[in-house]
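Input: a single structure, listed below in structure tokens.
The values are calculated or read from the model by the stated rules, or taken from the named source; none is laboratory data. On a predicted model such as this, the values are computed, not experimentally measured, just so you know. Reconstructed Cβ throughout: ideal geometry from the backbone, glycine too, with neighbour counts over all protein chains shown. For the accessible areas, the whole protein counts, side chains as well, though only heavy atoms, and no ligand, DNA or RNA atoms are used. Shrake-Rupley method; radii C 1.70, N 1.55, O 1.52, S 1.80 Å.
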Amino acid sequence: LESRGVASITNVMLLHPYSTSASIESSLDVLAALPAGVFEATQMQVYHGTRLQQMLAEEGRLLGNPLRYGYRIDDPTVARFGEILTRLRAEAFHDYSVAYSTHDVWLELALLKRLEPRSSRFAELERRIQRLANDVNELHVRALRRGLDMARAGDGWTRSGSLIAESSREASLLHQRLARMVEELASAEPETFASKLFRPLRSAATTALQVMMVSSLSMAGCYDHRERPIDPDADSA
């Protein structure tokens, strides 16, 4: 990826139905060695109609329903780590995390450089974003390693409060650094192109709206067909 110029990597599926504490540890070793870019550790999701859904159902580990599947993790250490990972993502890093935010700012800078390919005025800002990305990755690896150690020691959701609080404080400081870079990027945008640049919050809002609309329509259609059969000869109203 580095040789091909890939500068950013996100959504690494660190936890999956067949994870072990050893596989998680080796994955963290790989993430710690990333030469560039930024990552966010996630848990593999199960979608309806997939081979994974069928496998977990056959094993008796599938939970939930087609709108939101989950799965039981039988390894107690991995299960506790999953609880800690969930708390880190929800309470310390949040949905629009510092990793996600850094990725979006990096993308906006890349677009600006395309708009002004002969300009060298973004070089220092690019170096600062790279340093920020390194710090973001180090925070994630450090928090996840500590979470794995805690899980191995028998700690899970209820005993990870100190890790969550500490990680939240560090993430907040990184967000502050990122906010300053966002202001600099906004002031650096050429007026001619400002309206064409990627806007992460606008993109996130649009995506969320699309998901809610599709989900609502899918659920409505599901219940209509299952509970109230549609008469093809009835008035469409």
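So between ALA32 and ASN65, what do we pick up on full extension, going 0.36 nm a residue minus the alpha carbon distance?
That pair, ALA32 and ASN65, stretches by 8.3 nm at full extension.
Show me, for segment 12-21, the HN-Hα J-couplings you get by feeding each phi into the Karplus relation (A = 6.51, B = -1.76, C = 1.60, θ = phi - 60°), rounded to Hz, glycine and proline as x.
These are the phi-based 3J(HN,Hα) values: 8, 7, 6, 10, 9, x, 10, 5, 10, 4 Hz.
Between SER23 and ARG89, 0.36 nm times their residue separation minus their Cα-Cα distance comes to what?
21.8 nm
Percent of accessible area on segment 108-184 owned by carbon and sulfur, 1.4 Å probe?
Solvent-exposed carbon and sulfur of segment 108-184 make up 50 percent of the total.
Restricting to Cα pairs below 8 Å that are 6+ residues apart, what does the relative contact order work out to for segment 1-90? Please round to a whole percent.
In percent, rounded to a whole number, it is 28.
Nearest 0.05, what FRET efficiency do ARG145 and ARG118 give at R0 = 41 Å with Cβ-Cβ as r?
0.40
If I model a spin label as a point 7 Å beyond the Cα along the Cα-Cβ vector, how far apart are those points for VAL6 and ARG152 in nm?
The answer from the label model is 2.9 nm.
Computing the accessible area with a 1.4 Å probe over protein heavy atoms, can you report the carbon and sulfur percentage for segment 1-52?
55 percent
If we sort 29-41, 136-148 on the protection proxy, mean other Cβ atoms within 10 Å, highest first, what's the order?
Descending packing order for the listed peptides: 136-148, 29-41.
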